Amino acid sequence: LKGNVPLTAEDVQKNVQRKLSVNIRMTEKAIKRMKEVVRLLVKDIRNYHIGFILIGIYFLVMRKWFYSSCPSVVLTGFPCPGCGMTRAMILILKGRFAGAWRLHPFSYVWLIYGVVFLSRRYIFQKECRSILKYLLIIVVGMVLFYFYRMIHFFPYEAPMTYYYGSVLYRGMKLLKLR
């Protein structure tokens with residue numbers, strides 16, 4: 001009803017066409033926006049492809065010939081501030097949140113930072129330099145947490161254990177310093 005006047009078939013048809021037109025425009029906007037996101041992502045991949053390749057090679061080499069992908073563990077045997085982070089992220093993906101928290105609570109901080117960064121970069125297409133200051137805060141927090149873990153958990157509780165297959169330990173054994 002239009003006021004007190006019943007709608008005619010022509011009025012109904014116009015309403016349907018108007019709604020379809022709005023839906024089509026919204027769909028066209030969404031498709032255009034998605035194309036912009038994909039274009040930006042492809043551009044970033046092209047700009048940083050050598051870095052991605054080198055990181056991939058690094059992890060393949062480290063996993064093939066060494067115990068860990070962490071250079072600190074491989075070289076010195078001591079855990080680094082990020083030790084347990086990869087395992088914690090995998091646990092988060094598996095839905096084992098408490099286990100991830102026990103391994104490395106900062107995995108949640110990095111996950112949130114990653115979501116914020118990716119959202120700003122690709123969804124909202126805003127600059128990301130303004131959130132770089134939070135990286136310093138995260139890194140300082142991780143270093144402080146590292147010292148806490150080294151004092152309270154090293155060398156008895158994973159991931160804060162010593163790796164006796166490290167380059168340093170093997171070198172000391174060869175030189176008979178250990």
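The values are calculated or read from the model by the stated rules, or taken from the named source; none is laboratory data. Since this is a predicted model, take the numbers as computed values, not measurements. Glycine also receives a Cβ, built like all others from the backbone with ideal geometry; neighbour counts cover every protein chain displayed. Ligands, DNA and RNA are excluded from the accessible area calculation, which covers all protein heavy atoms including side chains. Shrake-Rupley method; radii C 1.70, N 1.55, O 1.52, S 1.80 Å.
Here r is the Cβ-Cβ distance between W101 and E28 and R0 is 41 Å; the resulting FRET efficiency, rounded to 0.05, is 0.40. Here r is the Cβ-Cβ distance between A9 and L132 and R0 is 35 Å; the resulting FRET efficiency, rounded to 0.05, is 0.05. Shown for segment 1-155: the carbon plus sulfur share of the solvent-accessible area, taken with all protein chains present and a 1.4 angstrom probe, equals 71%. One decimal place: the segment L93-F153 gains 19.1 nm when fully extended, by the rule 0.36 nm per residue minus the C-alpha distance.
Taking Cα atoms, how many degrees apart are the long axis of helix 106-118 and the longest axis of the chain, rounded to 10 and kept between 0 and 90? Between helix and principal axis, roughly 40 degrees.
Each of Y122, F145, A98 was scored by the projection of its Cα onto the charge dipole of segment 39-158, and the greatest displacement toward the positive side belongs to Y122; charges sit on the C-beta of Lys, Arg, Asp and Glu. Taking one quarter of the surface of the C-alpha convex hull of the chain gives a mean projected area of 18.1 nm². Taking the helices alone, the chain has a mean residue ellipticity at 222 nm of -22500 deg cm²/dmol, built from -39,500 (n - 2.57) per DSSP H run of at least 4 residues and averaged over all its residues. Partner lysines whose Cα lies under 26 Å from the Cα of K35, excluding those fewer than 8 positions away in the same chain, are identified as K19, K43, K126. Against the chain, whose longest principal axis comes from its Cα atoms, helix 133-152 is set at around 40 degrees. Between 0 and 90 degrees, rounded to the nearest ten: what's the tilt of helix 9-65 against the longest Cα principal axis of the chain? It is inclined by approximately 10 degrees. Which part of segment 101-131 falls in the paramagnetic zone of I55, meaning amide N under 16 Å from the point 7 Å along Cα-to-beta-carbon? Zone members listed by number: 110-119, 121-122.
Exposure check, 1.4 Å probe, all protein chains in place: L41 carries approximately 80 Å² of accessible surface.
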